[in-house]
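The values are calculated or read from the model by the stated rules, or taken from the named source; none is laboratory data. Note that the structure is predicted; figures quoted are calculated from it, not measured. Note that each Cβ is placed from the backbone with ideal geometry, even for glycine, and that neighbours are counted across all protein chains shown. Accessible surface areas use protein heavy atoms only, side chains included; no ligands, DNA or RNA. Shrake-Rupley method; radii C 1.70, N 1.55, O 1.52, S 1.80 Å.
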Amino acid sequence: MENAVLNVSKNTLTVFLFTLILSLGLTACDNDDAIKDTTAAVEDKTIILSADGIGPINATTSFNMHQMTLAFSDYSVVEEVNFQDGNPFPAIRISEGVKTILNIIPDAAHKNIYSVIIEDNIIQNSLGHHLGTLYNKVYTYGQNEQCQAGYSDMSGKVLCYAPNTPNILYVFNGKWDNPVTGKIPPADVLQGWSLESIIWRPKS
């Protein structure tokens, strides 16, 4: 009788231990899944363009090399001197390898951001238009009243306001057999031009 009781106790203990181990195993799996989910959230480094800004850049961001280096720590951040009409001005270029992602242009006082030029699709456009998108996929035929011909460094290109977004400009480029300086191509020509870069400016 005593042996029977011992056997029952051993069986009960075995079942208990098995249940405990199984429970701990499931908890560990749940914890692993939670860790994976947390890691995935942390590793999401998507940079989004919207009317309000580009990733960490917004209307309150200063033109500051240190600040940009911290904001874009995963990329190369270099301050350069550019020229417009023979006049030098500083700019901050953010790149990945040899690929330029952003060019940040300061205001006249070199304190705040005047504009940011987006040059790579690593920046995701919340409006849904990626670089390379054809003009006719963004605007209806003949809708160019919000466009103007580029000048200086933008000569030969066309700048258009993004749909319903007056602080984002789309820069289109393409072929035009008989170009006229300072003029926008005819509608049928413009339809085949593609989005080359995007310019964001802080809301005024």
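Quick look at the values:
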quantity	calculated
Label-zone membership for the stretch 180-199, site Ser155, 7 angstrom Cα→C-beta point, backbone N under 18 Å	180-185
Fully extended contour minus Cα-Cα distance, from Lys99 to Met65, at 0.36 nm per residue	10.3 nm
Solvent accessible area, Å² - Phe63, 1.4 Å probe, full protein context	20 Å²
For the stretch 148-204, diffusion coefficient by Stokes-Einstein and Kirkwood Rh (Cα), 4 °C, 1.567 mPa s, µm²/s	109 µm²/s
Exposure ranking of Ile198, Ile122 by accessible area [1.4 Å probe, largest first]	Ile122, Ile198
Virtual paramagnetic centre 7 Å along Cα→Cβ of Asn87, amide N under 14 Å, in the stretch 155-199	none
Lys, Arg +1 and Asp, Glu -1 on Cβ, resulting dipole of the stretch 80-159 about Cα centre, debye, nearest 20	140 debye
Integer Hz, Karplus 6.51/-1.76/1.60 couplings in order for the stretch 87-97, x for Gly and Pro	9, x, 8, x, 8, 10, 9, 10, 9, 10, x
Contour excess over end-to-end distance, with Cα ends at Gln143 and Val78 and 0.36 nm allotted per residue	19.6 nm
Per residue value of the accessible surface for the stretch 115-204 (all protein chains in place, 1.4 Å probe), Å²	55 Å²
Over 29 Å (Cα to Cα) - which of Lys99/Lys157; Lys99/Lys137; Lys45/Lys175; Lys175/Lys203; Lys157/Lys203 fall in this group	Lys45/Lys175; Lys175/Lys203
Size of electric dipole in the stretch 136-204: Cβ of Lys, Arg +1 and of Asp, Glu -1, about Cα centre, debye, nearest 20	200 debye
